[in-house]
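**Student:** Before we start, here is the structure in question, set down as structure tokens.
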Amino acid sequence: MTKTCRVCDMDTDEPTAVALEHTNSCGGRVVHLCPPCRAEQGLIPLDQHPEGSDGFPLYEVSAP
Ligand SMILES: [Zn+2]
């Protein structure tokens, strides 16, 4: 399923859901990134968020 990357605005065949957009209306929209942008941003995929995550973006902690 092709999605548009939120960062580079290009269509990608391998979108990764990384967050939920919170709006006033019910039901947030899923934010997708292409693989290179997800790696560059260091965002944790939505399906790997800890239980109870509210859908806000989570960043991988980079080693010092
Ligand atoms: Zn991208």
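The values are calculated or read from the model by the stated rules, or taken from the named source; none is laboratory data. All values reported here derive from a predicted model rather than from experimental measurement. Positions of Cβ are backbone-derived with ideal geometry, glycine not excepted, and every protein chain shown enters the neighbour counts.
**Student:** So which residues in the stretch 7-51 are modelled with pLDDT of 95 or more and basic (Lys, Arg)?
**Tutor:** 38
**Student:** Of everything in the stretch 31-55, what is away from the ligand (no atom under 13 Å from the Cβ), surrounded by 11 or more Cβ atoms within 10 Å (Cβ to Cβ) and not in a helix (DSSP H, G or I)? Give them in sequence order. It would help to see each step written out before you state the result.
**Tutor:** From the stretch 31-55, those away from the ligand (no atom under 13 Å from the Cβ) are 42, 44-55; that's our starting set.
Retained after the next criterion (residues that are surrounded by 11 or more Cβ atoms within 10 Å (Cβ to Cβ)): 42, 44-46, 48-49, 53, 55.
Within the stretch 31-55, 42, 44, 45, 49, 53, 55 meet the criteria.
Okay, residues lined up against (1) touching a helix residue (DSSP H, G or I) at 6+ places or on another chain (Cβ under 8 Å); (2) over 20 Å from residue 59 (Cβ atoms); (3) touching a residue at least 60 places away in the same chain (Cβ under 8 Å):
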residue	(1), (2), (3)
3	no, yes, no
7	yes, no, no
13	no, yes, no
19	yes, no, no
22	no, no, no
31	no, no, no
35	no, no, no
38	no, no, no
41	no, no, no
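**Student:** Which residues, counting only those in the stretch 1-30, are part of a loop (DSSP other than H, G, I, E, B), more than 10 Å from the ligand (Cβ to nearest atom) and of a type in the set (Val, Ile, Thr)?
**Tutor:** 2, 23
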